[in-house]
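J.: So that we are looking at the same thing, I have put the structure below in structure tokens.
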Amino acid sequence: MIQSQSIAVETTLQKKAKPPQDGLGFGIHFTDHMFILDYSVEQEWHNPRIVPYQPIVLDPAAKVFHYGQTIFEGLKAYKTADGRIRLFRPRDNFARMNRSNDRMSVPELDIDTAITALERLIEVDADWVPTEPGTSLYIRPYVFATQATLGVAPSENYQFIIIMSPVGAYYPEGMNPVKIYVESDYVRAMVGGVGEAKTAGNYAAALKSQQIAKEQGYTQVLWLDGAEHKYIEEVGSMNVFFKIGGKVITPALNGSILAGITRNSVLQLLKHWGISVEERRLSIDEIYEAAEQGLLEEAFGTGTAAVISPIGEVNWGGQKLVIGEGRTGELTNKLYDTLTGIQYGTVEDPFGWTREV
Ligand code: COI
């Protein structure tokens with residue numbers, strides 16, 4: 001494990017002006033510093049340092065450009081009303097990063113080292129954690145292959161970097177329901193592939209459908225399973241939940257769906273409240289049938305960036321389905337308020353999810 005005192009810190013002499021908090025958007029502004037850690041076969045993870053936020057220099061042959069050996073994570077830091085900074089389930093993010101690393105043949109990173117590095121970086125850039133309601137500091141840790149050779153083999157060199165961005169809502173709709181386009185032709189991932197890993201290619205594979213969806217007025221794409229194009233998987237930037245006849249149903253993790261930390265938090269909250277939840281295969285047909293029978297009550301997505309996002313409309317092959325009259329449901333609102341309350345410290349955290357920096 002790398003100790004906090006062994007992280008070299010070079011602070012910037014030119015601090016950037018802070019953007020206004022009412023128009024932060026998502027991932028547009030970046031803080032003054034970044035964390036970097038190198039990997040080589042001989043030295044393993046070494047040379048931890050915090051440096052001014054700056055471009056990185058890579059050899060044009062670096063394997064990441066050619067074979068996509070790269071993983072990222074997303075988590076957030078929140079400022080409480082009395083000025084404390086808290087992280088939400090950071091250990092779970094770095095544990096998931098290691099599962100993605102394993103799938104993509106990237107060396108494991110010590111979780112305590114990653115948390116120590118992140119907390120040191122947050123201390124250096126503490127004045128970047130926004131304070132307005134609905135804002136937070138989005139943290140993007142990522143690792144990528146830097147070895148400059150073109151043979152197809154796991155890289156022998158990597159860099160692990162953490163950058164941070166003050167953010168508002170991910171979707172332009174804010175807390176208003178999003179409209180979702182169901183993709184029936186293209187596939188995001190297949191069981192046995194890399195769908196469960198948070199690797200760049202999964203997101204690149206989704207862009208074409210996202211463009212098509214956007215042209216038709218939809219914010220996001222709902223992916224179906226790769227084999228039968230029948231079962232609901234995820235939205236790409238969030239996991240999805242449907243409330244049908246009093247029960248909450250979400251697709252079971254099957255290897256091609258991202259194991260969302262917000263998804264897991266919502267499942268724990270629902271169980272804590274005694275609400276019946278099912279993690280299972282869920283076909284898109286079942287959603288339309290439930291709607292016909294008047295049983296489809298609410299739908300929402302979950303994610304670090306998306307938080308809890310109500311889904312107001314689904315379009316599957318031209319059949320439009322308006323959910324909950326296009327308004328945010330009661331349970332969706334309760335989940336949003338409780339989860340963000342725990343994150344900002346206004347609601348008790350019975351699960352021990354938050355960690356003070
Ligand atoms: C996150 O919620 O952190 C994600 O990784 C989604 C992202 C692709 C915006």
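J.: Take segment 16-52 and flag every residue that is more than 16 Å from the ligand (Cβ to nearest atom) and under 19 Å from Thr135 (Cβ atoms).
T.: Scanning segment 16-52 gives Lys16, Ala17, Lys18, Pro19, Pro20, Gln21, Asp22, Gly23, Thr31, Asp32.
J.: Here's something else I'd like to know. Of these, Thr332, Thr328, Thr340, which one is within 16 Å of the ligand (Cβ to nearest atom) and among the polar types (S, T, N, Q)?
T.: After ruling out the rest, the residue left standing is Thr340.
J.: Going by the structure shown, is Ser136 in the same structural domain as Met104 (by the TED database) and within 21 Å of Val41 (Cα to Cα)?
T.: No: the conditions fail for Ser136.
J.: Out of everything in segment 25-59 that is of a type in the set (A, V, I, L, M) and free of Cβ contacts under 8 Å to residues at least 60 places away in the same chain, what residue ends up being nearest to Met175 (Cα to Cα)?
T.: My answer is Val51.
J.: Oh, and also: Those residues that are touching a Ser or Thr at 6+ places or on another chain (Cβ under 9 Å) and either within 16 Å of the ligand (Cβ to nearest atom) or within 23 Å of Thr11 (Cα to Cα) (or both), I need them from segment 105-121; list them, please.
T.: Of everything in segment 105-121, those that are touching a Ser or Thr at 6+ places or on another chain (Cβ under 9 Å) and either within 16 Å of the ligand (Cβ to nearest atom) or within 23 Å of Thr11 (Cα to Cα) (or both) turn out to be Thr116, Ala117, Glu119, Arg120, Leu121.
J.: Among what's in segment 81-105 and is among the acidic types (Asp, Glu) and over 14 Å from Ala197 (Cβ atoms), pick the residue that is surrounded by the most Cβ atoms within 10 Å (Cβ to Cβ).
T.: Step by step, filter segment 81-105, then rank; the result is Asp92.
J.: Something else about it: Please go through (1) out of contact with any helix residue (DSSP H, G or I) (no Cβ under 8 Å at 6 or more places or on another chain); (2) not in a loop (DSSP other than H, G, I, E, B) for Gly27 and return the number of the only condition it doesn't satisfy.
T.: Here Gly27 clears every test but (2).
J.: Select from segment 21-43 the residues that are under 24 Å from the mean Cα position of the chain (by Cα) and surrounded by fewer than 12 Cβ atoms within 10 Å (Cβ to Cβ) and list them in ascending order.
T.: Asp22, Gly23
J.: Considering Asp59, Asp32, which residue is modelled with pLDDT of 95 or more, within 16 Å of Val9 (Cβ to Cβ), among the acidic types (Asp, Glu) and assigned by the TED database to the domain that holds Glu119?
T.: After ruling out the rest, the residue left standing is Asp32.
J.: Inspect segment 44-56 for any residue being closer than 20 Å to Ile122 by Cα, surrounded by 14 or more Cβ atoms within 10 Å (Cβ to Cβ) and modelled with pLDDT under 95 and give the result as yes or no.
T.: No, segment 44-56 contains no residue that is closer than 20 Å to Ile122 by Cα, surrounded by 14 or more Cβ atoms within 10 Å (Cβ to Cβ) and modelled with pLDDT under 95.
J.: Something else now. For segment 189-221: of the residues being within 12 Å of the ligand (Cβ to nearest atom) and of a type in the set (S, T, N, Q), which is nearest to Tyr171 (Cα to Cα)?
T.: The selected residue is Gln220.
J.: If you don't mind, another one. Loosely packed, with under 13 Cβ neighbours inside 10 Å, in a strand (DSSP E or B) and not hydrophobic (A, V, I, L, M, F, W, C) - does that describe any residue in segment 299-319?
T.: The answer is yes, given that some residue of segment 299-319 is loosely packed, with under 13 Cβ neighbours inside 10 Å, in a strand (DSSP E or B) and not hydrophobic (A, V, I, L, M, F, W, C).
J.: Looking only at residues that are touching a residue at least 60 places away in the same chain (Cβ under 8 Å) and within 14 Å of the ligand (Cβ to nearest atom) in segment 166-188, which one is nearest to Leu253 (Cα to Cα)?
T.: Arg188
Results for (1) assigned to a loop (DSSP other than H, G, I, E, B); (2) among the acidic types (Asp, Glu), shown as yes or no for each residue.
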site: Pro107; (1), (2): yes, no
site: Glu119; (1), (2): no, yes
site: Phe144; (1), (2): no, no
site: Leu150; (1), (2): yes, no
site: Ser155; (1), (2): yes, no
site: Ile162; (1), (2): no, no
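J.: In segment 144-151, is there at least one residue being surrounded by fewer than 22 Cβ atoms within 10 Å (Cβ to Cβ), outside the structural domain of Ser256 (by the TED database) and within 18 Å of Phe88 (Cβ to Cβ)?
T.: Scanning segment 144-151, I find no residue that is surrounded by fewer than 22 Cβ atoms within 10 Å (Cβ to Cβ), outside the structural domain of Ser256 (by the TED database) and within 18 Å of Phe88 (Cβ to Cβ), so the answer is no.
J.: Still on this structure: Inside segment 60-84, can you point out the residues that are part of a loop (DSSP other than H, G, I, E, B), in contact with a helix residue (DSSP H, G or I) (Cβ under 9 Å, 6 or more places away or on another chain) and either within 14 Å of Phe144 (Cα to Cα) or away from the ligand (no atom under 16 Å from the Cβ) (or both)?
T.: Hits for segment 60-84 are Gly68, Gln69, Glu73, Thr80, Ala81.
J.: If a residue must be touching an Asp or Glu at 6+ places or on another chain (Cβ under 9 Å), within 16 Å of the ligand (Cβ to nearest atom) and among the charged types (D, E, K, R), how many such residues does segment 92-102 contain?
T.: Qualifying residue count for the region: 2.
J.: Kindly provide the set of residues from segment 239-257 that are in contact with a helix residue (DSSP H, G or I) (Cβ under 8 Å, 6 or more places away or on another chain) and buried (at least 16 other Cβ atoms within 10 Å of the Cβ), ordered by number.
T.: Of everything in segment 239-257, those that are in contact with a helix residue (DSSP H, G or I) (Cβ under 8 Å, 6 or more places away or on another chain) and buried (at least 16 other Cβ atoms within 10 Å of the Cβ) turn out to be Asn239, Phe241, Phe242, Lys243, Ile244, Val248, Thr250.
The values are calculated or read from the model by the stated rules, or taken from the named source; none is laboratory data. Just so we're clear, the structure is a prediction, and the values are computed from it rather than from any experiment. Don't worry about glycine lacking a Cβ; one is built from the backbone with ideal geometry, like all the others, and counts go over all protein chains shown.
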